[in-house]
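Enquirer: Got a structure for you, questions after.
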Amino acid sequence: MNPFSRFLIYFLAVARHGSIRKASEDLRIAASAIDRHILLGEQALETPLFERLSSGMRLTAVGELFYAHANRWAKDFESLNRQIDDLKGMRRGRIDILAPEALARVFLPSIAARLKEQYPGIVLNMHIHDNAELGERLFAGEGDLAFLLDPADLRDLQVRSMLSFPLGVVSLPKHPVTQHSSARFSVCAEYPVIVPEKPLALASVFAKLEADTLVNPNVISGANNVQMIKSLVKAGLGITILSYLDVMDEVQNGDMAFTPLAGAHIPPFRLALAHDRARPLSAVARRVADNVEAEWALLRQKMI
């Protein structure tokens, strides 16, 4: 069932493609019919939605506003269909999860495997983006749930669960820093250090530690990718500051060492599972959230 008018369907297609011709090819509808419905819609609204250029169709300011709301309506209706399916007792559904790259290797695969085993009919779509973009994408309706690393602003989010990971010095197993049960940030001045860079969430954490402690790190390299940072540590280039989540597998395998940071200025690194407060979770999304919380219980047992 599609309750949307032909005008809205045609409008979304033209806005997405920036061309009536391309929208016509996508929808398999005559271009003249699409153009006619767009014009009728603009007449009803008493304002143009597109600028008609030689290169194609460009949204006006009103068109941009209308497009944002129309996309949200379409997403909400898709969510409604999922909830209706759940009420019918159907063991199927789809969920879109937003996550940062840091979770792609150490966390999301186990979640996907667990869900596939318990709910084989559910299609699980993982969308990996920069951590800083996730909140905005969630509000835009691009996902049902989002994993957010060290979220700064949770006012418009409904946080389902929160997990904290210690920060620590990551090094080779035989590095001198591993002789101690904990380390202070000042070790970054004593040994060569690989600095996390933006867009990694740890970049701002490292900068704050540097400012709070007045330590001048012995920077030998920087990288904006956690896997690259770990590779540089394994190559013997230096130590780094990461969360335990980032190196859990390597530590358990004995390939790297993790020495917790100590001191009054050391905050935990938080991982939040959240959804848009304005959009209720479907039954499928609630099942996924329940499984995430179960997975987090296992993670807590593995942490130092």
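Read-outs throughout are calculated quantities, based only on the coordinates presented, and are distinct from any laboratory measurement. The model shown is predicted, which means the values in this text are computed figures rather than measured ones. Note that we place each Cβ from the backbone using ideal geometry, even for glycine, and neighbour counts take in every protein chain shown.
Enquirer: Spin-label point model (7 Å from Cα, Cβ direction): what's the SER231 to LEU65 distance in nm?
Expert: Using points 7 Å along Cα→Cβ, the separation is 4.8 nm.
Enquirer: Tell me which residues come under 5 Å, amide H to amide H, from ASN225 once H is placed; ignore anything under 5 positions away on its chain.
Expert: Result for ASN225 returns GLU197.
Enquirer: If we count trypsin sites (Lys or Arg not before Pro) as exposed when they sit in a DSSP loop and have at most 14 other beta carbons within 10 Å, what is the longest stretch of the chain that avoids them all?
Expert: 175-276
Enquirer: I've got another one for you. As a check on your grasp of the helix formula, calculate [θ] at 222 nm for the chain: sum -39500 (n - 2.57) over DSSP H runs of n ≥ 4, divide by the residue count, round to the nearest 500.
Expert: So the helix-based figure for the chain works out to -14000 deg cm²/dmol.
Enquirer: Rounded, prolate or oblate: pick one for the stretch 167-267, where a ≥ b ≥ c are the square roots of the eigenvalues of its C-alpha gyration tensor, a/c under 1.5 means rounded, and failing that, prolate if a/b is larger than b/c, else oblate. Don't skip to the end; give the middle numbers.
Expert: On the way: a/c = 1.42, a/b = 1.18, b/c = 1.20.
Rounded.
Enquirer: While we're on this one: Enumerate the amide H contacts of PHE50 below 5 Å, restricted to partners 5 or more residues apart or on another chain; note that Pro and chain-start residues carry no placed amide H.
Expert: Amide H neighbours of PHE50, under 5 Å, 5+ apart: THR60.
Enquirer: Would you check the chain for Lys pairs whose C-alpha atoms are within less than 18 Å, ignoring same-chain pairs closer than 8 in sequence, and give me the count?
Expert: So the count of such lysine pairs works out to 4.
Enquirer: Continuing with this model, one more query. How would the stretch 48-201 be classified by its alpha-carbon gyration tensor: rounded, prolate or oblate, with rounded meaning a/c under 1.5 and the a/b versus b/c comparison settling the rest?
Expert: Since a/c reaches 1.5 but b/c is at least a/b, the shape of the stretch 48-201 is classed as oblate.
Enquirer: A further question follows. Rounded to the nearest 0.05, what FRET efficiency is calculated for SER19 and ASP249 with R0 set to 45 Å and r the Cβ-Cβ distance? Don't skip to the answer; put the middle values down first.
Expert: Details: r = 47 Å, r/R0 = 1.05.
Plugging the Cβ-Cβ distance into 1/(1 + (r/R0)^6) gives 0.45.
Enquirer: Which whole-Hz ³J(HN,Hα) couplings does the stretch 228-238 yield from phi under the Karplus relation 6.51 cos²θ - 1.76 cosθ + 1.60, θ = phi - 60°, glycine and proline marked x?
Expert: Result, rounded to whole Hz: 5, 4, 5, 5, 5, 5, 4, 6, x, 6, x.
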